[in-house]
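Heads up: the structure comes next, in structure tokens.
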Amino acid sequence: MGAATTDRPLVLVVDDDVTVRDVVTRYLDRAGYRVDVAGDGERALAAVAARRPDVVVLDLMLPRLGGLEVCRRLRRRPDGLPIIMLTALGEEEDRVLGLELGADDYVTKPFSPRELVLRVASVLRRARELPARDAGLEPVVDGDLHVDIPGRRATLAGRELALTVREFDLLAFLVCRPGQVFTRPELLERVWGWDFGDQSTVTVHVRRLREKVEPDPTRPARIATVWGVGYRYDGVDEPAGSAGP
């Protein structure tokens, strides 16, 4: 019984609203997850340090230590811990900033607990499926950029890049398909596993990725914008694409 219990994925729910924590915990438990809870940012960091969860559901508006700062600190960890943000309808700027800090997904309040459970399942599924799917792939080399897809590591000029889970997923997807153009909805579906969602998520992740892999992010040579369509991976030996989101 103990082994079966510990095999269930662990979700840390961080929200200062007791009702939200209770409802989300109930739905996650019914879906087969173990759940830890924290009511503020400091307790959230302590909970992660004590027992690493498989995914964190993180409200942005928290006492003692805000959700954005919690997200920033969790992103300093080397293990790529998945983070799903909870944001209010009027917090678009904070939502974008959260994505820029490395959150993997978000759900807008008021939200359906069922939708949140689906988001958790999607993030966990992607985190587990990609290593298995990519196990037989050879590392990809583009100039001084080396992408070890099975090992989920990327280096630029010999320096390892600090990529979030989604940033690495996006880079691996694009670098394996040079010259192909993908729309934002296609990238949401094929990289994030979403068949719906805010396309600005893709825009933010492309911008963050450019800052890490481009010689000059303002004039990207690797990840080109195809205006009115989407994005294409050219590589440093191809003509540089146009800059922009």
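A few notes on this one:
- Taking every protein chain into account, the accessible area of the chain amounts to 47 square angstrom per residue (probe 1.4 Å).
- Expressed as a whole percent, the accessible surface of the chain that belongs to carbon and sulfur atoms is 52, based on a 1.4 Å probe.
- The DSSP beta bridges internal to the chain are antiparallel in roughly 50% of cases.
The values are calculated or read from the model by the stated rules, or taken from the named source; none is laboratory data. Just so you know, these numbers come straight off a predicted model, no measurement behind them. Just the protein is used for accessible areas: all its heavy atoms, side chains included, with ligands, DNA and RNA removed. Shrake-Rupley method; radii C 1.70, N 1.55, O 1.52, S 1.80 Å.
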